[in-house]
Amino acid sequence: MGSAPVGTAIISLALPMMITMLVQSIYNMTDMFFIGQTGDPNMVAAIALAHPLFMLSQALGNIFATGGSTYISRLLGAKRETEAKQTSAVSLYTAFAAGLLMAIMLSAFRSPALRLIGASDATFSYTSGYFTVIAMFLPAAVASAVMSGQMRSEGAAKKAMTLQLLGIIINIILDPVFILVLDMGTAGAAWATVIGQVASFVYGITYYLSKDTLLSIRPADYRPQREMMKQILSIGVPAGLSNIIMSVSQIWANRVLAGYGDHVVAGNGVHMRVTGMFFMVIFALVMGYQPFAG
């Protein structure tokens, strides 16, 4: 990032992310597609209803993935590698702890949360089956998002792509097995998702333990400092808030649509997946440019 021509550097960082986001778009539609093969619109609606809660975990991950990785890029550019190591450890461990806290809270208030997002009597059990499994593994999902961001922060865009693609491909393979072959319904879609997330998490850990990175997950490097947290949160919180706003708006839309029937919620869920594909590509370009700008 420090010596390549500007255009070459940006393309080399952004292209792997654009490929990942295209596959991510396919992955986002995979659950819907195979759940749709069951012929039950209530199951499709359940996936659409639970998705905003999944976005909340992404918001939490983005706070530390975007805020932490941007600060790490600036530290590496300034040759302050020790502080970069400490920032990576603080970001990862703090995000994991926050994900664990969110998982406990969502599990404890599962029923009112499901009613809040618009689950009806017909969709409640399906939404609960998906939501319960996703909530249990939130820490791994949040940590994986942080790892991916930090890989990009030191220019390892291909490693970040591999981390994300690993989870996505495993999910795509397991979806038809769990949903159609084993007849696990929405819970099967959730298990396919979390197994992929755990695989990505394990891959990220092996990367941090290798000699290919300048960053660290050693407990000894967990040294949060006031200026460090200020730098992480000043950029990370606005990034996370954008996800939270989208999540809240989608929850509100689902509640309004639920008044017209669960099949309308299901239809809107499919629509959101399709239109999201185009935004993901632009988002990937931005994510690839960020570490270079830092």
Every residue from region 116-132 that is assigned to a helix (DSSP H, G or I) and either modelled with pLDDT of 80 or more or closer than 15 Å to VAL44 by Cβ (or both): PHE124, SER125, TYR126, THR127, SER128, GLY129, TYR130, PHE131, THR132
Residue match in region 21-30 (condition: surrounded by 21 or more Cβ atoms within 10 Å (Cβ to Cβ) and at pLDDT 70 or above): yes
Residue in region 205-254 that is farthest from GLY155 (Cα to Cα), counting only those that are of a type in the set (Ser, Thr, Tyr) and outside any helix (DSSP H, G or I): TYR222
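Does ARG110 count as surrounded by fewer than 19 Cβ atoms within 10 Å (Cβ to Cβ) and in contact with a Phe, Trp or Tyr (Cβ under 9 Å, 6 or more places away or on another chain)? Lay out the reasoning, then the answer.
Working: surrounded by fewer than 19 Cβ atoms within 10 Å (Cβ to Cβ): yes; in contact with a Phe, Trp or Tyr (Cβ under 9 Å, 6 or more places away or on another chain): yes.
When the stated conditions are applied, ARG110 passes them.
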Residue within region 211-233 that is in contact (Cβ under 8 Å) with a residue 60 or more places away in the chain, within 30 Å of PHE33 (Cα to Cα) and under 22 Å from the mean Cα position of the chain (by Cα) present: no
Pairs, first among the basic types (Lys, Arg) in region 241-260, second assigned to a helix (DSSP H, G or I), C-beta under 6 Å, six or more apart: none
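Among the residues of region 103-134, write down those that are more than 22 Å from ALA253 (Cβ to Cβ) and either under 20 Å from the mean Cα position of the chain (by Cα) or hydroxyl-bearing (Ser, Thr, Tyr) (or both). Talk me through it step by step, then tell me what you get.
Quick first cut of region 103-134, residues more than 22 Å from ALA253 (Cβ to Cβ) only: 103-105, 107-108, 125, 129, 132-133.
Across region 103-134, the qualifying residues are ALA103, ILE104, MET105, SER107, SER125, GLY129, THR132, VAL133.
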Qualifying residue in region 153-174 (condition: without any contact (Cβ under 8 Å) to a residue 24 or more places away in the chain and over 16 Å from ILE217 (Cα atoms)): yes
Which listed residue, of LEU60, LEU101, is part of a helix (DSSP H, G or I) and out of contact with any helix residue (DSSP H, G or I) (no Cβ under 7 Å at 6 or more places or on another chain): LEU101
Of all residues making up region 70-88, the number that are buried (at least 21 other Cβ atoms within 10 Å of the Cβ) and either in contact with a Pro (Cβ under 7 Å, 6 or more places away or on another chain) or among the β-branched types (Val, Ile, Thr) (or both): 4
Test: ASP212 is over 28 Å from ILE104 (Cα atoms) and of a type in the set (D, E, K, R): yes
Contacts under 8 angstrom Cβ, first residue in region 93-107 being closer than 24 Å to TYR208 by Cα, partner outside any helix (DSSP H, G or I), 6 or more apart: TYR93/ILE217; TYR93/TYR222; THR94/PRO224
Matching residues in region 175-210 - criterion: being β-branched (Val, Ile, Thr) and touching a residue at least 12 places away in the same chain (Cβ under 8 Å): VAL177, ILE179, THR186, THR193, VAL194, ILE195, VAL198, ILE205
Positions within region 135-181 being of a type in the set (S, T, N, Q) and within 15 Å of the chain's Cα centre (by Cα), in sequence order: SER144, SER148, GLN150, THR162, GLN164, ASN171
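The values are calculated or read from the model by the stated rules, or taken from the named source; none is laboratory data. These numbers were taken from a predicted model, which means no experiment stands behind them. Backbone-built Cβ (ideal geometry, glycine too); neighbour counts: all protein chains shown.
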